[in-house]
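So the structure is just underneath, and the comments pick up after that.
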Amino acid sequence: MNKKIQDAINDQIQAEFQSAYIYLAMSAHFAERNLNGFAHWLQLQWQEEIEHAMKFYHFILRRGGSVELKTIDKPEIELTNPLQIFEAVLQHEQYITSRINDLYALAVEEKDYAFQTLLHWFIDEQVEEEENATDIIEKLKLIGDSGQALFLLDRELGERAPEAESNE
C-alpha cells in the first residue's frame, strides 16, 4: 500500500473515531435531559462512525498496510439547545465530507483504484448523513419553542433503527 494513502487513511480512522466520540457526548447530553429519543439517535450515529472507522481499518489491513491508531480528543462542543446541537452535527458532517472528498482526490492522484471504489461508498454515505441532519434541523426550526412538538420529535428520533451491518 502506498505510504501517502496509508497515512491519509490512518488520519481518517482517527477522524471517524473522533466523530463517534463527539456524537456520544451529544447523546449523553440529551440522555441527561430525558430526551431519550435524541440520545438514541445520536448513539446510533456514534455506532455508525465506529463502523466507518473500522471500514478504513480493515481496508488498510487487507491491502497489507499498517494501522496507526491516533489520539482521540475530548469533544469541545457547546451543548445548548437541540437546534444548535444538530446544526453542529451538520457542520461536522460537512467537515467529514470535505475529508472524504480530499481522500478521493488523493486516490485519483495516486491512481489507487481500489481506494476509489471504497470511497464511492463513503461519498454516498455522506450525502445521506448531511440529508438526515438537515431534515432534523428543519423540523427543529418548525418546532421553535414548543415543548409538545419537541416531545413528538424526540419520540420519532427514538424509533430510528440501526442500519444493517455492511461488509468491511
(request) Return, ordered by residue number, the residues of segment 44-77 whose backbone nitrogen is under 20 Å from a label point located 7 Å along Cα→Cβ of Ala114. (result) 52-69
(request) Treat each spin label as a single point 7 Å out from the Cα along the C-beta direction, and report the Lys3 to Val67 distance in nm. (result) 2.3
(request) Rank these for me by crowding, Met26, Met1, going from fewest to most other beta carbons within 10 Å. (result) Met1, Met26
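Strictly over 32 Å apart at the Cα level, which of Lys70/Lys139; Lys74/Lys111; Lys55/Lys141; Lys55/Lys111 would you flag in this model? Walk me through the numbers on the way to the answer.
Numbers: Lys70/Lys139 36 Å; Lys74/Lys111 36 Å; Lys55/Lys141 34 Å; Lys55/Lys111 20 Å.
The pairs that break the limit, which is 32 Å between Cα atoms, are Lys70/Lys139; Lys74/Lys111; Lys55/Lys141.
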(message) Using helices alone, I'd like the mean residue ellipticity at 222 nm for the chain: each DSSP H run of four-plus residues gives -39500 (n - 2.57), total over residue count, nearest 500.
(response) -27000 deg cm²/dmol
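Every number here is computed from the coordinates shown, using simple stated rules; none is lab data. Note that the coordinates shown come from a computational prediction; the quantities given were computed from them, not determined experimentally. Counting neighbours? That spans all protein chains shown, and the Cβs are built from the backbone with ideal geometry, glycine included.
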